[in-house]
Amino acid sequence: MSSGRALAEGFPDLTGLPTARRTHWGRWTAAGLILVVLALIGRAFAEGQIEWSYVGRFFTVPVILHGIVNTLVMAVLAMSLGIVLGLVVAVMRLSPNPVLKGVAAGYTWLFRGTPLILQLLLWFNLALVFPVIGIPGLWSAKSVEVMTPFLAALLGLGINQGAYTSEVMRAGLLSVDTGQYEAAQAIGMGRLKALYRIILPQAMRVVLPPLGNEFIGMVKATSLASVIQYPEVLHAAENIYYANSRVIELLIVAGLWYLLVVSILTPLQMLLERRFSRGTARITR
């Protein structure tokens, strides 16, 4: 009917013609350029002065394995400290008390506004400001003996992480409907009990994805602790290449270990997110 009308009006009938697929020249050009760049990079590594046998030889030496264990231990401990501090600071930020709110905002401003490596160096050199630390009349010790590379790295990484985690936690708490708070108060729940029984479980769906990313970032951020002599994997690689001058080979070893750890953590993060989002998936069906 429509083709007869088109012919009657003097227009040709195009319904029987094949449809031509559009050629995306821009996509093909970009893909080709990317392949060329990757090929050039691969050629540079293949023809460069890299002894790949050293990479395999030092990949599993005890000092490197000990370094990756220290990296994971520090990442877990510092992230745990950051989560605890972040939750406390987030609750303080949401408090009606102006003093608590001001202290929390100042903490976030200070530790988000200064470089992490600077904070690590300040903690490690704390003895220059406080030669002795302790509780007057009960306990005291020299700061240079207390502030070991492990403790300085833990405080530097954990407290810095707490400033970022507090914003993640605050966003999660704000995502919970105010009716949940009112319902908890209506049945006689206190603020703390309502927080961990009702509010936090619902906020976890919002909090977990960025926290997972923060933990993966923490694993890599531990490499900054090498400047204060904490024996993580990068520091272990540096000690080896100072002795044998195989700099690029040992850096590749450290990079491969970081990639391996992140590749294992990423699917675990996805499984954890899926577990906490099951209730939401049920509701939206």
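The values are calculated or read from the model by the stated rules, or taken from the named source; none is laboratory data. Given the structure is predicted, the values throughout are model-derived calculations rather than measurements. No Cβ is skipped: glycine too gets one built from the backbone with ideal geometry, and neighbour counts run over all protein chains shown. Surface areas here come from the heavy atoms of the whole protein model, side chains and all, with no ligands, DNA or RNA. Shrake-Rupley method; radii C 1.70, N 1.55, O 1.52, S 1.80 Å.
Observations on the structure shown:
- Accessible surface of the chain [probe 1.4 Å, protein heavy atoms]: carbon and sulfur percent: 68 percent
- Distance (nanometres) between label positions extended 7 Å along Cα→Cβ at ASP177 and TRP25: 5.5 nm
- Acute angle (nearest 10 degrees) that the helix 233-244 long axis makes with the longest principal axis of the chain, alpha-carbon atoms: 80 degrees
- Between GLU51 and ILE187, the contour length at 0.36 nm per residue exceeds the alpha carbon distance by 42.1 nm.
- Exposed-site-free run, longest, the chain (rule: GluC sites (Glu not before Pro); DSSP loop; at most 16 other C-beta within 10 Å): 52-285
- Note, ³J(HN,Hα) from phi for the range 86-99, Karplus 6.51, -1.76, 1.60, rounded to Hz, x at Gly and Pro: x, 5, 4, 5, 5, 5, 5, 5, 8, 6, x, 6, x, 5
- Solvent-free Debye scattering, log10 I(q)/I(0), computed from the Cα coordinates of the range 114-201 at q = 0.11, 0.14, 0.23, 0.26 Å⁻¹: -0.56, -0.70, -1.03, -1.21
- Computed over the chain, the P(r) curve from all C-alpha pair distances, binned at 5 Å from the origin, holds 1, 5, 8, 10, 11, 11, 10, 10, 9, 6, 5, 4, 3, 2, 2, 2, 1, 0, 0, 0, 0, 0 percent per bin.
- Distant alpha-carbon pairs in the range 79-124 (separation over 17 angstrom), percent: 42 percent
- Gained length - VAL103 relative to VAL73, 0.36 nm times residue gap less alpha-carbon distance: 7.8 nm
- Extension gain for LEU268 to VAL84 (0.36 nm times residue separation, less C-alpha to C-alpha distance): 64.1 nm.
- Using the rule -39500 (n - 2.57) for each DSSP H run of four or more residues, divided by the residues of the chain, the 222 nm mean residue ellipticity is -24000 deg cm²/dmol.
- Scanning residues 5 or more positions from GLU232 or on other chains, none has an amide H under 5 Å from its amide H, with H placed 1.01 Å from N in the peptide plane.
- Interchain or long-range residues, amide H under 5 Å from VAL61's placed H: none
- For the range 82-231, a/c is not less than 1.5, where a ≥ b ≥ c are the root eigenvalues of the C-alpha gyration tensor, and a/b tops b/c. That puts it in the prolate class.
- Debye log10 I(q)/I(0) for the range 160-228, one point scatterer per Cα, at q = 0.17 Å⁻¹: -0.67
- In the context of the full set of protein chains, the chain has a per residue accessible area of 63 Å² (1.4 Å probe).
- Acute angle (nearest 10 degrees) that the helix 200-221 long axis makes with the longest principal axis of the chain, alpha-carbon atoms: 80 degrees
- Paramagnetic reach from ASN244 in the range 18-54 [backbone N under 13 Å; point 7 Å along Cα→Cβ]: 51-54
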